[in-house]
Amino acid sequence: MANVRLENVKKAFGPVQVLHGISLDIASGEFVSLLGASGCGKTTLLRIVAGLEAVTSGKVEIGGRDVTALAPEKRDISMMFQSYALLPHLSVAENIRFPLRMRGIGSREQQHEKVLAALETVQLGHLADRKPRQLSGGQQQRVALARAIVSDPQVLLLDEPLSNLDARLREDMQVELIEIHKRLKLTTIFVTHDQEEALSLSDRIVLFNAGKVEQQDTPADIYAQPATEFASNFLGSANLVPAEIGSDGSAILADGQSLAVGRELPVGKVSLVLRQEDLSIAAEDANGLKATVRTRVFLGARCRYILDLAGERIQILTGNDQTFAAGDTVSLSIDPARIRIIPR
Amino acid sequence: MSDRTENLLLAAPGLFLLALAFFLPIGQMLALSVEGPEGPTLAHFSRFLGDGFYLGVLWRTVRLSLIITVICALIGFPLAYIMARVGPRARLWLIILVILPLMTSVVVRTFGWVVLLSRNGLIPELLRDMGLAGRTFALMQTETAIVIGMVHVLLPFMALSILGVISRIDTRLEEAGRTMGCSFLQTIRTIVLPLSLPGVVAGSLLVFTLSASSFVTPNLLGGPRLQVLAASIYKSVTQTLDWPFAAAQAVILFAGILLVLIPYVRLTARDNG
Amino acid sequence: MASFLVPSWVRLAARIFIVVTVIFLLAPLVVVVGVSFSESQFIAFPPDGLSLRWYQTVLSDTVYTSAFWTSIRIALLVTVSATLLGGAAAIALHRRMLPGSAFLATFFLSPLVLPTIIYAIGMLMFWSAVFGPVSFVTLWIGHTVIAIPYVVRTTLAVLSESDPFLEEAARTMGAGRIQRLLYVVIPQGLPGLGAGAFFAFNISFDEAVLSLFLRKPGLTTLPVQIYGQLEFSPDPSVAAVSTIMIALTVVLILVIDRMLGLQRFAST
């Protein structure tokens, strides 16, 4: 267990600049998610921490030691790959023992005990002698996890480890990851493009955009207070509506409707962040912003409307008690305190 | 040690062997083909190209190779298609039946044809008994014998080249063809054949190259009168001991094969690039 | 396509076609085997009578036995050298870290494209000019050159099917260079290396062209011996030797199929 420090890390593949100077401090025992769309550089950064990619410039420290030029096999890390990268010719137990064997950790008996303990942690004790291809995707995933934690590494790196699982398994694994992290307190860096995973697992989310850190914060804060349009777009299905703060302090939409925002703001152009679960919908004659229904999507317990609001396409999520049809005009209301405003 | 050094070390022994024991000898042969008593000369080439006998040998080589290639393609395509579309068990058997001759020495296989085609061998006798051939009918020492033997030697190459391509064609394309009104044969003609063309072309080039450069089968089945280019090269090396002339003939063979190969390599490089 | 979608006359025609083709492919081999059990002095098929006398002749004839041992010795040496050199090269090519990877791959496969006869002349002339008379070593080297591309191809084919992240994963688990080769890359490539080794043996053992160009008294392989007999005066003993070669090929094919699955390599 150790802290990780990245200092102005830059990476270019040929002419393509992938990381534009990333600095990051990860505390010992912290669970940090690197969140972003594919191609944003998050996986490259993880591979740099692993040592699988060299930095173009900058510095990587693990546990206070400069490891920038250190080969991955000499760093005390372990990494779980998206494809799991289980060695197909070795049994489950041999796969899990592999890092112990390579690093020469403990005697044969001690290794064996550690393997059994790791297998118990992921509840796969009964499959120790199987070959990886005889396992289901979810089981392979657990083996990969056991293999990643067995050597008690200073840092655990997870590269989209849940993306190959179906929805149910993914939820189970999330819970498992949380519990294992609680128990082992490994410094963990988790790369994902799935905001829900990042929100539910991490102590801190680092949001990436085009090779830069867009925002970093606790899940609750980054969700409630996205600092930029990108952040609000990426986290939660927020609606962004351009507006202008008028002299009376309310926001004026493109079609002239105005909306109280409940705070003092300087006059100027802004974007209103309206989360879809914060908006409520009512019949046309009620008070609120007027919008037109384009489509209604029935989701069982709930219902999603796609609406036109002042020329913008927005979504809202509501209960199923009232229904509106395409073409209906409706009124939208929102608690001013829940509106987030980003200067434009 | 860097990754590059490690990989270079891994590749180096093979690189050295091929450079010293493959490319250098070929260079040596190219040099020898223009070697004369008074410096470089094209005399060996002009001797070949100015002699009606050798031009006849060249023409026979090209003609037979083309015939062999066409026959191999005509048999190889349906064979490969059937291999690709039968059940896995039958496919394995067919692959074994194709690979067995392929992996058997050419000398042994040709020997089999010598037995079958000789004057009182099974095939001429059968033909005579059926009244399809006269008393004096013979197959040995004819171009027909060479073609039969060579098709046997080279058919597996053609079949496997085409099989490699056909087995990658999505069978649903054929089913889609049927739902769009194609008959079975139309599906073959409009869907399977065009898609397997790269395999047919690759197989044809391989068969043509191997056919033009082989001498064991033509020598044993065609006899000394029906010489092909490769047999003439072998003769120059082992009997007349005229090595520069042998080298010149090899260069002519090489050039002829490159003439066929290069447009193809260009074409496929463009497709993949 | 589901079989009921194929018209019945096509299925019938396909069946006839396959039977005829298989007969065509197997006929010369069957004939050779048949002749080898003949009792008569002359080569004839169907054989006259049944006997093993030609096998006795072959096994007691030093011309054949020494050719057989020459062939076996060269084939075994070629198996080792071609598998080592070709396997190592395939691993390096697979990692795609060398400059000009595509060119290198072509380089290693080039003996496959060039007709053996052209190489055979070059090798004969080169060796004579540089080292003098050809020897056992010449043939060993020559066969190794011809066999290397097969090992490279089968090994590359197998390696390319493996998870490309295995080596990186092994690095993150602390495996150094040698460990990665021994415990990750070689085990992944093993089926290809194995198939390549068998092919190398088969190619060397059956090869006639290079062996004919490099033949000299005392350096006669089995195919060269058979070729000489066929040109000169064939009797059923040639058939007996040929049958032994066919039997060896059958064993080799069965071994490759059992160990590695033939279908994988049939069209690579």
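Could you tell me which of rounded, prolate or oblate describes chain C, using a ≥ b ≥ c as the square roots of the eigenvalues of the alpha-carbon gyration tensor, with rounded for a/c under 1.5 and, failing that, prolate when a/b is larger than b/c and oblate otherwise?
Oblate, because a/c is 1.5 or more while a/b does not exceed b/c.
Going by amide H atoms built from the backbone, whose H comes under 5 Å of the H on residue A:53, apart from near neighbours?
Here the answer is A:48, since their amide H atoms fall under 5 Å of that of residue A:53.
Per residue of region B:28-44, what does 6.51 cos²θ - 1.76 cosθ + 1.60 with θ = phi - 60° give for ³J(HN,Hα)? Whole Hz please, x for Gly and Pro, Karplus curve as stated.
Taking θ as phi minus 60°, the curve returns 4, 5, 4, 5, 5, 5, 10, 8, x, x, 10, x, x, 8, 9, 4, 5 Hz for region B:28-44.
Once both axes come from the Cα atoms, what is the angle between helix C:136-160 and the longest principal axis of chain C, in degrees from 0 to 90, rounded to 10?
Taking the Cα atoms of chain C, the angle to C:136-160 is about 50 degrees.
May I ask you to give the percent of accessible area on chain A that is carbon plus sulfur, with a probe radius of 1.4 Å? Can you show the working numbers first?
Numbers: 7170 of 15250 Å².
It is 47 percent, rounded to a whole number.
Sequence-distant or interchain residues sharing an amide H contact under 5 Å with residue A:85, placed H: which?
none
Cα gyration tensor of region B:59-272, axes a ≥ b ≥ c as square roots of the eigenvalues: rounded (a/c below 1.5), prolate (a/b > b/c) or oblate?
In terms of gyration-tensor shape, oblate.
Which GluC sites (Glu not before Pro) in region B:138-175 pass both tests, a DSSP loop state and at most 10 other beta-carbon atoms within 10 Å?
Working: sites: B:143, B:174, B:175; in loops: none.
Counting only loop positions with at most 10 other Cβ atoms within 10 Å, none of the GluC sites (Glu not before Pro) in region B:138-175 qualifies.
Report, to the nearest whole %, how much of the accessible area of region B:59-272 belongs to carbon and sulfur atoms, 1.4 Å probe, protein only.
Of the solvent-accessible surface of region B:59-272, carbon and sulfur hold 67 percent.
Could you point to the residue in B:215, A:31, A:137 farthest towards the positive end of the protein assembly as shown's charge dipole, with +1 and -1 charges on the Cβ of Lys/Arg and Asp/Glu respectively?
Checked the options; the winner is B:215.
Per residue, what accessible area does region C:52-267 have, given a 1.4 Å probe and all protein chains present, in Å²?
Ligands and nucleic acids excluded, the figure is 37 Å² per residue.
Among C:122, B:254, B:147, whose Cα projects farthest towards the positive end of the dipole of the protein assembly as shown, with charges put on the beta-carbon of Lys, Arg (+1) and Asp, Glu (-1)?
It is B:147.
Run through the DSSP bridge list for the protein assembly as shown and note the antiparallel percent, rounded to the nearest 5. Numbers along the way, then the final one.
Details: 61 of 79 bridges.
Expressed as a percentage, antiparallel bridges in the protein assembly as shown total about 75.
Which positions within region B:229-260 get 40 Å² or more of their accessible surface covered by the other protein chains, compared to the chain by itself, with a 1.4 angstrom probe?
When all protein chains are present, B:234, B:237, B:243, B:254 each give up 40 Å² or more of accessible surface.
Buried accessible area between A and C (1.4 Å probe, both chains summed, ligands and nucleic acids excluded), in Å² to the nearest 100?
1700
For the cross-link pairs A:114/A:182; A:42/A:185; A:182/A:212; A:59/A:185; A:42/A:182; A:74/A:114, which exceed 27 Å when the distance is taken from alpha carbon to alpha carbon? List each step's numbers first, then the result.
Working: A:114/A:182 19 Å; A:42/A:185 22 Å; A:182/A:212 29 Å; A:59/A:185 25 Å; A:42/A:182 24 Å; A:74/A:114 21 Å.
Violating the 27 Å limit, Cα to Cα: A:182/A:212.
Using the heavy atoms of the protein chains alone and a 1.4 angstrom probe, what is the accessible area of region A:49-138 per residue in square angstrom?
Values: 4100 Å² over 90 residues.
Result: 46 Å² per residue.
Dipole magnitude of region B:59-272 about its Cα centre, charges +1 at Lys/Arg Cβ and -1 at Asp/Glu Cβ only, in debye to the nearest 20?
120
What does the accessible area per residue of region B:1-156 come to in Å², with a 1.4 Å probe and no ligands, DNA or RNA counted?
Here the per-residue accessible area is 46 Å².
Can you work out ³J(HN,Hα) from phi for every residue in region B:202-207, in order, using Karplus 6.51 cos²θ - 1.76 cosθ + 1.60 and θ = phi - 60°, giving whole Hz and x for Gly and Pro?
My calculation for region B:202-207 gives 4, x, 5, 4, 4, 5 Hz in order.
What is the dipole size for region C:97-181, taken about its Cα centre, with +1 at each Lys and Arg Cβ and -1 at each Asp and Glu Cβ, in debye to the nearest 20?
Charge dipole of region C:97-181: 180 debye, to the nearest 20.
³J(HN,Hα) across region C:174-187 via Karplus (A = 6.51, B = -1.76, C = 1.60, θ = phi - 60°), whole Hz, x for Gly/Pro?
x, 7, x, 3, 5, 4, 5, 4, 6, 9, 10, 6, 5, x
Using a ≥ b ≥ c from the Cα gyration tensor of region A:149-216 (square roots of the eigenvalues), is it rounded, prolate or oblate, where a/c under 1.5 gives rounded and otherwise the larger of a/b and b/c decides, a/b for prolate?
Oblate, because a/c is 1.5 or more while a/b does not exceed b/c.
B plus C alone minus the pair: what accessible area, both sides summed, probe 1.4 Å, in Å² to 100?
Working: alone 16320 and 15760 Å², together 24330 Å².
Counting protein atoms only, the buried area is about 7800 Å².
Have a look at C:169, C:205, C:148 and report the one farthest towards the positive end of the charge dipole of region C:52-267, computed about the Cα centre with Cβ charges (Lys/Arg +1, Asp/Glu -1).
C:169
Going by Cα centres, region C:204-268 and region A:241-281 are how many Å apart?
87
Tell me the accessible surface of residue C:131 in square angstrom (1.4 angstrom probe, heavy atoms of protein chains only), to the nearest ten.
Solvent-accessible area, nearest 10 Å²: 120 Å².
Dipole of region C:157-218, Cα-centred, from +1 at each Lys and Arg C-beta and -1 at each Asp and Glu C-beta, to the nearest 20 debye?
Taking the Cα centre of region C:157-218 as origin, the dipole is about 340 debye.
Where does chain B land at 222 nm, in deg cm²/dmol rounded to the nearest 500, when only DSSP H runs of n ≥ 4 count, each adding -39500 (n - 2.57), divided by all residues?
Calculated at 222 nm, the ellipticity per residue is -24500 deg cm²/dmol.
Near the amide H of residue B:41, under 5 Å away, which other amide H atoms are found, from residues 5 or more places off or on another chain, if H is placed in the peptide plane?
Result for residue B:41 returns B:35, B:36.
Given the C-alpha centroids of region C:113-163 and region B:144-205, what is the distance between them in whole angstrom?
If you average the Cα positions of each part, the centres end up 31 Å apart.
For the protein assembly as shown, how big is the tail of P(r) above 36 Å, as a whole percent of Cα pairs?
Beyond 36 Å sits 62 percent of the P(r) for the protein assembly as shown.
The values are calculated or read from the model by the stated rules, or taken from the named source; none is laboratory data. Here the structure is a predicted model, which is why all the values come from computation and not from measurement. Positions of Cβ are backbone-derived with ideal geometry, glycine not excepted, and every protein chain shown enters the neighbour counts. Accessible surface areas use protein heavy atoms only, side chains included; no ligands, DNA or RNA. Shrake-Rupley method; radii C 1.70, N 1.55, O 1.52, S 1.80 Å.
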